[in-house]
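The values are calculated or read from the model by the stated rules, or taken from the named source; none is laboratory data. Source: prediction; values computed, not measured. Cβ sites come from the backbone with ideal geometry, for glycine too, and all protein chains shown count toward neighbours. The protein model used for the area step is the full one, side chains on, heavy atoms only, and it has no ligands, DNA or RNA in it. Shrake-Rupley method; radii C 1.70, N 1.55, O 1.52, S 1.80 Å.
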Amino acid sequence: MANETTPIEMDQAYQLWQQLTEKLSDVFDAHGAYAIIAHQIAVTTGTKVVVGVASILNRYYDVWICDSAGEIEQTRWDNAKASFHTLIQTGNVNFQQKYDAPPAEVINSELWRIAKDTILTVPLPWPGKYEPISPPGILCLIDPGESCRLDQTNLGPLAANLTVFIERANLRSQVYGQDIRFSVISDISYSLTSTLSLENIFQQLMDPIRRTLNVESISVGLIESDSGEIEFIDVMLGPLFQGVLPVRLQQGQGIAGWVAQHRESVIINDVYADSRFHAYFDQQTGFLTKSMICIPLQVEERVIGVLQAINKRDSHFNDSDLLMLKAIGGPLAAAIENAQLHDVVLSEKRRIETIFSNMSEGLLTINGNGLVTNVNDALLTLLQKPADQIVGQNVDSCIRLKKGSLSELESAILDGEDENPQLAADLVQNEGHSIPLLISSAPIKGETGETDEIIFVFSDLRQIREVERMRDDFFHGIIHELRTPLATILMYARLLREGKAKEKEKANRFLGVIERESDRLQKMVRQMLQLAKMEASEFHRSAQPIHLNGIFDYMLPPLADRATEKGLTFRQNISADLPPVMGSQEIIDLIIRNLIENAIKFTPSGTVQVKAWLDGDMICLVVKDEGIGIPPESMPNLFGRFFRSQTAVERGIAGTGLGLYMTRESVRKFGGTIQVSSVAGKGSEFTVRLPAVKE
Ligand code: ADP
């Protein structure tokens with residue numbers, strides 16, 4: 001080939017330059033540009049042309065082969081096959097003949113498979129003043145013949161011209177790629193501000209990032225504030241891992257742990273070669289993690305979690321992927337933080353609402369204008385009104401008190417007289433009934449310390465009054481109960497002393513009365529002592545295994561006598577060799593005796609039955625009678641202190657109302673239970689279960 005430039009040669013190169021300028025001016029797609037270059041040069045020079053362009057990570061070449069007729073074929077050669085590398089690296093136009101080329105290159109090269117004798121090559125883009133952004137490539141003319149006027153001299157300038165178009169097309173596609181990324185980022189940032197649910201946040205972010213980065217999966221791990229562990233919950237792992245158990249990494253464990261601890265992002269293109277990688281997740285799911293970008297999610301200085309992009313498809317992760325992930329990381333962390341704060345506030349709100357509505361005390365809040373803002377069910381029940389008749393109303397118009405008003409308490413708070421004023425007053429109900437209440441109040445202050453609202457707490461004093469009444473009744477009852485036998489004893493003693501019972505039989509009868517009444521007195525005093533001891537929980541300290549059969553042996557015969565004396569049928573069915581129960585002799589005696597004595601006492605006629613047996617690991621004791629029964633309205637209070645049902649009182653049956661109270665307290669303290677079923681007028685059945693001691 002001649003070194004000087006002839007007009008014809010210039011013509012062809014010039015002609016090509018013109019044709020290509022025209023054709024490439026509208027082309028912004030890099031691959032399209034390479035194809036046009038191959039095609040135009042092949043057709044104009046009548047020579048087969050090969051254009052090869054390295055892939056982004058230099059792992060293979062995209063290749064366009066065009067014959068002189070314009071038939072074009074696009075293919076992909078791996079680096080070894082292409083053997084373009086050395087030719088490109090010279091940075092020059094190269095003319096090579098087959099017998100000059102190194103034998104290894106000739107044997108392996110695809111290029112030499114196509115070329116018979118010679119190749120003329122030029123690097124694309126042509127090395128210039130600027131760092132090219134286009135990947136390295138090559139233009140090859142295969143066996144250029146007579147019709148080809150391109151040579152070592154004019155090919156360089158032509159390549160320099162083409163470089164302008166190639167660079168422009170590559171630049172354009174990169175900018176276009178960045179544009180897409182930028183719009184994805186701004187879309188995500190925007191949508192993140194509009195949701196407060198972690199799951200929604202993740203849903204919105206997952207797909208766009210996955211598609212834009214071209215990765216298999218995106219996941220978010222959140223740091224637990226207490227343990228510092230990172231938790232990947234399934235909703236934050238994406239559809240690939242639906243239903244997978246939450247994966248947890250301890251502090252510093254795995255790549256995510258490292259990233260969170262060091263507050264540094266990482267790009268790892270072969271995770272299994274990285275000693276920080278923790279394969280637990282892959283083992284659990286069967287997923288194969290290959291490459292990963294992991295960035296810390298930070299809110300100010302705090303790391304709240306990590307964002308991971310996993311397994312880049314087709315290539316490796318690069319800095320631009322990292323930049324994109326980082327651009328999303330900021331708004332994502334803020335959105336997660338907001339969602340978490342929102343959750344905390346919500347659950348706190350729910351907690352307060354639950355307390356508010358479930359308090360047994362009535363609650364009501366008012367705002368600065370004295371209007372009711374909230375009221376709970378307990379107060380609505382007291383007021384016997386629905387919420388909509390209260391909320392929004394002036395507080396004094398809906399809470400009517402016999403004496404005083406809630407606005408008095410309000411003024412005391414607002415005037416700074418008293419932070420927590422109280423008022424004991426009677427609440428006037430709908431039908432004119434009134435309920436004694438203790439009303440306490442307190443200000444609810446805002447951030448500035450100003451009183452925003454006032455809360456009123458209504459304690460129903462009826463129960464306390466009832467207890468007070470019962471206690472008074474009890475004392476009166478006790479005094480009465482003590483006075484009656486004492487008076488009887490005194491009277492019969494006097495009669496005896498005055499010689500009013502001269503006959504022996506009469507004297508014996510008088511003495512019998514004295515004895516019985518003394519017994520009764522003694523029993524009452526004993527019960528009161530027992531109660532006093534029980535309250536001081538003395539009995540329960542000395543628990544030991546107690547044999548029930550022994551107790552039944554001495555207790556049942558006199559009780560059976562008493563029942564039969566009264567004309568009742570007494571039946572007993574006690575299993576022999578019952579295992580012991582834990583307790584004290586005195587208390588177990590008290591439990592059994594109280595129940596049987598009550599059965600006899602409250603049964604005017606019929607049968608009293610006592611049964612005891614081992615039921616699993618519990619001893620079951622049943623005392624059943626056919627007596628007066630217990631009216632349903634007495635059931636809730638039956639085991640209360642001093643409680644005596646109206647029927648018992650009306651029938652003049654003596655008692656203190658302490659027996660069942662002490663019985664239930666004792667059974668409970670020894671780990672047992674007591675149940676009662678009763679039909680008024682038909683009879684009652686008490687069932688006690690106490691844990692048996694394994695011998
Ligand atoms: P007391 O028998 O001294 O009155 P208790 O505490 O033993 O006290 O019983 C409380 C109340 O329960 C009794 O007054 C009675 O109204 C009711 N009661 C207890 N046992 C029976 C029973 N077997 N049949 C009917 N009523 C009973």
Revision key, fill the gap. So the pair-distance distribution of segment 465-533, from every Cα-Cα distance in 5 Å bins, comes to percents of 4, 15, 19, 18, 14, 11, 8, 6, 3, 2, 0
Exercise for review: Mind listing the long-range amide H neighbours of ILE304? Cut-off is under 5 Å, sequence gap 5 or more, other chains count too, H placed in the peptide plane at 1.01 Å from N.
Suggested key: LEU297, GLN298, VAL299
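P(r) tail for segment 581-695, what percent of Cα pairs lie past 25 Å?
For segment 581-695, the fraction of Cα-Cα distances above 25 Å is 19 percent.
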Practice item. Could you tell me which GluC sites (Glu not before Pro) in segment 510-593 are loop residues by DSSP with no more than 16 other beta carbons within 10 angstrom of their beta carbon? Key: GLU538
Study note, to complete from the structure: A chain fully extended from ARG313 to THR153 at 0.36 nm per residue, minus the present Cα-Cα distance, gains in nm 53.4 nm
Exercise for review: Determine, for each peptide in 602-614, 547-559, the mean count of other beta carbons within 10 angstrom over its residues, then list the peptides with the highest first.
Suggested key: 602-614, 547-559
Practice item. Mind pulling the angle between the C-alpha long axis of helix 319-358 and the longest principal axis of the chain? Nearest 10 degrees, somewhere in 0 to 90. Key: 10 degrees
Practice item. May I ask you to compute the full-extension gain from ASN420 to ASP452, defined as 0.36 nm times their residue separation minus their alpha-carbon distance, rounded to one decimal in nm? Key: 10.0 nm
Review point. What is the gain in length, in nm to one decimal, between ASP26 and GLU71 on full extension, counting 0.36 nm per residue of separation less the C-alpha to C-alpha distance?
Key: 14.0 nm
Point to revise | Protein-only accessible surface order, largest first, of TRP64, TRP126 at 1.4 Å | key: TRP126, TRP64
Exercise for review: Between GLU515 and ARG593, take the C-beta separation as r, use R0 = 22 Å, and let me know the FRET efficiency to the nearest 0.05.
Suggested key: 0.70
Practice item. With a ≥ b ≥ c taken as the square roots of the eigenvalues of the C-alpha gyration tensor of segment 57-104, please select rounded if a/c is under 1.5 and otherwise prolate if a/b is larger than b/c or oblate if it is not? Key: oblate
Check your understanding: Over the Cα atoms of segment 357-457, how large are the radius of gyration and the largest Cα-Cα distance (Dmax), in Å?
Key -> 12.9, 43
Check your understanding: How would VAL513, VAL220 rank on accessible area, largest to smallest, probe 1.4 Å?
Key -> VAL513, VAL220
Practice item. Measure off 7 Å from each Cα along the Cα-to-Cβ vector at ASN394 and SER575, then give the distance between these two points in nanometres to one decimal. Key: 7.2 nm
Check your understanding: Heavy-atom accessible area per residue, the chain, 1.4 Å probe: how many Å²?
Key -> 53 Å²
Point to revise | Euclidean distance of C-alpha centroids, segment 13-70 and segment 490-513, integer Å | key: 141 Å
Revision key, fill the gap. A correct Stokes-Einstein calculation for segment 193-340, using the alpha-carbon Kirkwood radius, 4 °C and 1.567 mPa s, returns a whole-number D in µm² s⁻¹ of 86 µm²/s
Revision key, fill the gap. Of every hundred units of 1.4 Å-probe accessible area on segment 281-346, the number belonging to carbon and sulfur atoms, as a percent, is 54 percent
Review point. Hey, with R₀ at 60 Å, roughly what FRET efficiency would ASN508 and LYS694 work out to, going by the Cβ-Cβ distance, to 0.05?
Key: 0.70
Review point. How many nm is it between the label spots at GLU300 and LYS385, if each spot is 7 Å from the Cα in line with the beta carbon?
Key: 4.6 nm
Review point. Over the chain, what lengths in whole Å, largest first, do the semi-axes of the equivalent ellipsoid take, defined as the square roots of 5 times the eigenvalues of the alpha-carbon gyration tensor?
Key: 104, 34, 18
Study note, to complete from the structure: Restricting to lysines and to Cα separations under 24 Å from LYS445, and discarding same-chain partners fewer than 8 apart, the set is LYS349
Review point. Using a probe of 1.4 angstrom, how much of the accessible area of segment 7-176 is carbon and sulfur, in percent?
Key: 54 percent
Practice item. Could you please state how large a percent of the accessible area of segment 357-457 is carbon and sulfur, counting protein chains only and using a 1.4 Å probe? Key: 43 percent
Check your understanding: Using r as the Cβ-Cβ distance of TRP17 and THR285, and R0 as 51 Å, what FRET efficiency do you calculate, to the nearest 0.05?
Key -> 0.30
Exercise for review: For TYR272 paired with LEU461, estimate the spin-label separation in nm (one decimal), with each label point 7 Å from Cα along the Cα-to-Cβ line.
Suggested key: 8.0 nm
